[in-house]
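So the structure is just underneath, and the comments pick up after that.
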Amino acid sequence: MKVRKRGVWLLTLLSLTAVIGVYYLFEKAPKPFDGITIFSGDTLDGTELGEAGKDTTPVFAESYLFEEMRMEVRNERSQLREQLTQKITSEDMTAEERNAAFDEMQTLTKRETAEAMLEMLIKDLGYEDAVVRAEDGSVKVNVIAAEMSPAQADQIVYTVKSEWNDARTVQVDFKSEK
């Protein structure tokens, strides 16, 4: 009896697979993206190649520099976070020292979050890329922009000071897109 049930299930699954396969073969509606259609000859017939970079100017060199800055800051902060974690988990530290290390870790997390939020806000002002770094009330902002005007710098300073209460001094450095 078990063999017969298995046979019936197998035949049911095979027939269902066959019906679905025939349905998709003869269907005239557009097919969902399957990854293979990119490489077929049909998709290349209507595609014009070489048109992408004619009206755009590359800014990847400056963005690469900004990514490098971000990586350096991340590395420094991950080392600091590791040291603080070791202090928190150490048996040799007093409760006050552990609490101080925990508070410093929370401050570091808040600073990273505020920097990321400020970068997004500055990008929303229309800049290609921005890097924000803060330490001890001083905030340094690097921005990629086509032109550099005092009004733009004032707008960035205003944005930073309105969103971050701990920012006492703000320095804005522009990098050109070209």
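Kindly provide the set of residues from region 118-133 that are open to solvent by 10 Å² or more (accessible area, probe 1.4 Å) and more than 9 Å from Ile144 (Cβ to Cβ), ordered by number.
Glu119, Met120, Leu121, Lys123, Asp124, Leu125, Gly126, Arg133, listed by residue number.
For the subset of region 68-105 comprising residues that are surrounded by 13 or more Cβ atoms within 10 Å (Cβ to Cβ) and among the β-branched types (Val, Ile, Thr), which member is farthest from the chain's Cα centre (by Cα)?
Ile88
In contact with a strand residue (DSSP E or B) (Cβ under 9 Å, 6 or more places away or on another chain) and either of a type in the set (Phe, Trp, Tyr) or free of Cβ contacts under 8 Å to residues at least 60 places away in the same chain (or both): which single residue out of Ile122, Ile144 fits that description? Steps first, please.
Values: Ile144 fails: either of a type in the set (Phe, Trp, Tyr) or free of Cβ contacts under 8 Å to residues at least 60 places away in the same chain (or both).
Of the residues listed, the single one that is in contact with a strand residue (DSSP E or B) (Cβ under 9 Å, 6 or more places away or on another chain) and either of a type in the set (Phe, Trp, Tyr) or free of Cβ contacts under 8 Å to residues at least 60 places away in the same chain (or both) is Ile122.
Counting residues that are of a type in the set (Ser, Thr, Tyr), which strands (runs of 3 or more DSSP E) fully inside region 76-178 reach at least 2?
169-176
Search region 155-178 for residues being under 23 Å from the mean Cα position of the chain (by Cα) and among the β-branched types (Val, Ile, Thr), and hand back the single one that is surrounded by the most Cβ atoms within 10 Å (Cβ to Cβ). Before you say what the answer is, go through the steps one by one.
Step one: filter region 155-178 for residues under 23 Å from the mean Cα position of the chain (by Cα), giving 156, 159-160, 163-164, 172-177.
So of that shortlist, the ones also among the β-branched types (Val, Ile, Thr) come out as 156, 159-160, 172.
Details: Ile156: 24, Thr159: 17, Val160: 22, Val172: 21.
Among residues in region 155-178 that are under 23 Å from the mean Cα position of the chain (by Cα) and among the β-branched types (Val, Ile, Thr), the one surrounded by the most Cβ atoms within 10 Å (Cβ to Cβ) is Ile156.
Is there any pair linking a residue in region 94-111 that is over 13 Å from Glu135 (Cβ atoms) and free of Cβ contacts under 8 Å to residues at least 12 places away in the same chain to one that is of a type outside the set (Gly, Ala, Ser) and open to solvent by less than 80 Å² (accessible area, probe 1.4 Å), with Cβ under 7 Å and at least six apart or on different chains, and which?
Arg98/Ile88
The values are calculated or read from the model by the stated rules, or taken from the named source; none is laboratory data. Model, not experiment: these values are computed from the prediction. All Cβ positions, even for glycine, are placed from backbone atoms using ideal geometry, and neighbour counts span all protein chains on display. When the accessible area is computed, the model is the full protein with side chains, heavy atoms only, and any ligands, DNA or RNA have been set aside. Shrake-Rupley method; radii C 1.70, N 1.55, O 1.52, S 1.80 Å.
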